[in-house]
Structure formats: C-alpha cells, structure tokens
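Please treat every number below as a calculation from the coordinates, not as lab data. Given the structure is predicted, the values throughout are model-derived calculations rather than measurements. Cβ atoms come from the backbone with ideal geometry, glycine included; neighbour counts cover every protein chain shown.
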Amino acid sequence: MWDEVLGHQQNKEFLQKLLKPGSRPHALLFYGMGGIGKKMLALHFAKTFLCKSAAKKPCGICESCRLMDIENNSFAHPDFYLLTAEEAGKDIKIEQVKEMAKQAAFAPVLSEHKVCIIDDAGQMTAEAANSLLKLLEEPPPGWLFILITQQAERLLPTVLSRVVRLRFDAPDNSAVQQILEAKGIVQNTRVLAALAGGSPGRALSYNQADIFAIRREALDLLKKLPLQNPFGYIAALGWGEKYDRAAALLLTEQFIYLLRDVLLLQSGAGGQVYNTDIMAGLDGIAADWPLHTARQGVNAAQEAWQNINKNVSAKNVLEALVLKLDLLRKE
Ligand SMILES: [Zn+2]
C-alpha cells in the first residue's frame, strides 16, 4: 500500500492500523529530514482514510477520492485541511490556525472524519502553536491531525506531549537512485543520490538546478587556487550577478562536498567520496593541498552557507569565500 511513497515500511504499517475502526490517536507527528516523503505519505494516508469505498481503499473513483487530487496538488475535499505557511520559509500565523479551528463547529461532510495536515509545523509562531494546542487538547470529534516537521524539537513541548511521533529516516542511496531513474534521469544518478544525502526531493532539485555545472565552477576554482590576482578573478567569475540566493547555497554546498571529499582522500577513506565521477580532479587537489587547508576550507564554506541562509548578501558572501579559500591556500 502507498507504493507511490518509497520506503518507510514501519510507518506505513502503523498508519494502516489506523484505517481500521477502533481507538486511534487524534494527532500524529511525522518528523525527519526534508524531501524524503513525509508529506506525500500524509496525503496518501489522508486520501485512503477519507475514501468512501467499502472495498479497496483508496478506490480512486469515489467522490472523496476525486476531491483528493494528490498528483495535481489540488484538494477540494471538504473534510481535508492543509495548513502551511503562506510563503515558503515564512511563519504559520495564529490567524491561520484560528481559521482552521472555525471548522470545528461543523461535522465532517463527506466522510466520518476530518484530516488536518500541518506542514512545516515547526514554523508556527508561539501564538499559533498555543492556539493549535487548544485544538489538540480537545480535538473536535472525528478529527485527525498530522503535523509534519524536519525537527521535532522545534515544536512546543506541550504540543509534543499531545502527538504520537513517527520518525522518518532517509532511504539509502540506491533507493534514491531508483527514484531518479523512474523519473527518467539517467546520468550520474549515483552522485546525485550521494550529494542529496538520501533525500529524493533534494536529488530532484539538484538535477533541476543543473548541479553538475555549478559543481564544475566550484571545482575549477579549487584547482586554480592560489590566485595571482584574486580581485580580478572574482570580478571575472561574476558569481554575484550569476547566482541568486538559492543558487549561491547550492554553490557553497558544492564547495563543502568537494572539500569534504578531498579530506576523505587525504585520510585514506576514498571509499566514502560522494563525487565519484570526478576522482581525477579531487585526487589532484588532495595531493597538492595540506590536510589542514582542506579542513579549514570546509569550515569556511559551511560558514558561507550559513550566512547566505541567514540572508546575508550572496554576492558578498561568495566573494569573501573565494578570498578566504585563496588566503588559506597561500598560508
Ligand atoms: Zn475512494
């Protein structure tokens, strides 16, 4: 069941038990890294839970199933509520929770149940979380909440105490490769899967962003260090103009992974290298660079990533990173 979502067998079995009549928790928490299928499984569970068919669920043809169009991300089902931040990365506000709570006055329409998914529940403001807490303490009849977060510790302890937690682990890399191949991606799936750290969602977005072109830029710079004329080189790179915030994060990630691989090669752990398709380039750097330079380089790239993530100007951070790597290489 729910084969659309890869892996997570234990969690699937737990959820299947909830489909049967009997006592069930009012609120679940799905937690684990991003892009591994938490929301997908929540949606498929909701569709199955709400399906009106007496036989196999989800039947895909009853009115309830037709109103839960997961493929097109369209949910017109009156007994389904998806609560998310209005914009990616923004907070979930108390007004949004109150809007959802208003529906508690009405019984489910099509089904005997109502499913409310709160995606990125860690993004709730404290007021929003306290407002949700009231609903969790006295859940309206038939309601089932599914909270989703990457970090369970971001939720209020009072909220955590009201939910049944389901941990989601990243699938292994070969499973991610299979997902990529099923989507028609054939090149470098092994490297993509490794770089994405087991997250199919991240591997797909890497593929979309043409991560290999970005990685080539990072590798070229590392090979060129130390620079004769750093400022001239930075101007010629034009990264500040070329890379917006999202792409700058990807570029700094590539520096982190490349230098991580260099460190592994230098310490004789080449078997754990991510970028297995460019070993020659990595070997060259590993041979030329002192161990401490690669280590400090990883730290510098990590710091750059954090700064861009905190919304410091990507242009400034990238330029500072090039200068820093150049200085490290000149030590
Ligand atoms: Zn159905």
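To test your reading of the geometry: what angle, between 0 and 90 degrees and rounded to tens, separates the Cα axis of helix 291-309 from the longest principal axis of the chain?
40
Write out the GluC sites (Glu not before Pro) in the range 78-149 meeting two conditions: DSSP loop, and at most 13 other Cβ atoms within 10 Å of their Cβ.
Here the sparse-neighbourhood loop sites are Glu86, Glu87, Glu112.
Could you list Lys90, Lys102, Lys38, Lys324 so that the one with the fewest beta carbons within 10 Å of its beta carbon is first and the one with the most is last?
Lys102, Lys90, Lys324, Lys38
Label Ser267 and Asn130 with points 7 Å out from Cα along Cα→Cβ: what is the distance between them in nm?
So the label points at Ser267 and Asn130 sit 4.6 nm apart.
At 222 nm, what value in deg cm²/dmol follows for the chain if DSSP H runs of at least 4 each add -39500 (n - 2.57) and the sum is divided by all its residues, to the nearest 500?
Result for the chain, helices only: -15500 deg cm²/dmol.
In whole Hz and in residue order, list the ³J(HN,Hα) couplings for the range 82-92 that follow from phi through the Karplus curve 6.51 cos²θ - 1.76 cosθ + 1.60, θ = phi - 60°; x for Gly and Pro.
10, 9, 9, 4, 5, 10, 4, x, 8, 6, 8
Please quote Rg/Rh for the range 209-330 to two decimal places, taking the Kirkwood radius as Rh and restricting both calculations to Cα atoms.
Rounded to two decimals, Rg/Rh equals 0.94.
Could you give the angle, 0 to 90 degrees to the nearest 10, between helix 38-50's Cα long axis and the longest principal axis of the Cα atoms of the chain?
20
Count the DSSP beta bridges whose two residues both fall in the range 9-167, then state the antiparallel fraction as a percent rounded to the nearest 5.
Antiparallel bridges: around 10 percent, rounded to the nearest 5.
For the chain, what is the percent of antiparallel DSSP beta bridges, rounded to the nearest 5?
Close to 10 percent.
Mind checking the angle between helix 173-182 and the chain's longest principal axis? C-alpha axes, 0 to 90 degrees, to the nearest 10.
80
Given 0.36 nm per residue, what is the gain on full extension from Ala213 to Glu112 after removing their alpha carbon distance, in nm?
Using 0.36 nm per residue and subtracting the Cα-Cα distance, I get 31.2 nm.
Just to check I understand the Karplus step: with θ = phi - 60° and J = 6.51 cos²θ - 1.76 cosθ + 1.60, what whole-Hz values come out for the range 129-141, glycine and proline as x?
Whole-Hz 3J(HN,Hα) from phi for the range 129-141: 5, 5, 5, 5, 4, 4, 5, 6, 6, 10, x, x, x.
Please report, to two decimal places, log10 I(q)/I(0) for the range 9-167 at q = 0.09, 0.10, 0.11 Å⁻¹ as given by the Debye formula with identical point scatterers on the Cα atoms and no solvent.
The computed values of log10 I(q)/I(0) come out as -0.26, -0.33, -0.40.
If the cut-off is 21 Å between C-alpha atoms, which lysines fall inside it for Lys12, apart from same-chain ones fewer than 8 positions away?
Lys20, Lys38, Lys39, Lys47, Lys52, Lys56, Lys57, Lys114
Test of understanding: ordering Val322, Val298 by Cβ neighbours within 10 Å, fewest first, what list do you get?
Lowest to highest Cβ neighbour count: Val298, Val322.
Taking the Cα centroid of the range 265-322 and of the range 88-128, what is the distance between the two, rounded to the nearest whole Å?
Comparing the Cα centres of the range 265-322 and the range 88-128, I get a distance of 42 Å.
Return the long-range amide H neighbours of Phe145 (sequence gap of 5 or more, or a different chain), with a cut-off of under 5 Å between placed amide H atoms.
Residues meeting the criterion, in which the H sits 1.01 Å from N, are Ala27, Leu28, Cys116.
In the range 105-226, if the dipole is taken from +1 on Lys/Arg beta carbons and -1 on Asp/Glu beta carbons about the Cα centre, which of Asn173, Val109, Pro141 is farthest to the positive end?
Of Asn173, Val109, Pro141, it is Asn173.
Can you list the lysines whose alpha carbon is less than 18 Å from that of Lys224, not counting same-chain residues fewer than 8 positions off?
Lys324, Lys330
Counting Lys and Arg as +1 and Asp and Glu as -1, each charge on the Cβ, what is the dipole of the range 185-237 about the Cα centre in debye, to the nearest 20?
140
Roughly how many nanometres apart are two label points built 7 Å out from the Cα toward the Cβ at Ser313 and Glu4?
My value for the distance between the label points is 4.5 nm.
Where a Cα-Cα gap under 12 Å defines reach, which aspartates and glutamates qualify for Lys98, not counting those fewer than 8 residues away within the same chain?
Those aspartates and glutamates meeting the cut-off are Glu127.
Give me Ser64, Ser111, Ser74, Ser53 ranked fewest to most by other Cβ atoms within 10 Å of their Cβ, as a rough exposure proxy.
Sorted ascending by nearby Cβ count, the order is Ser74, Ser53, Ser111, Ser64.
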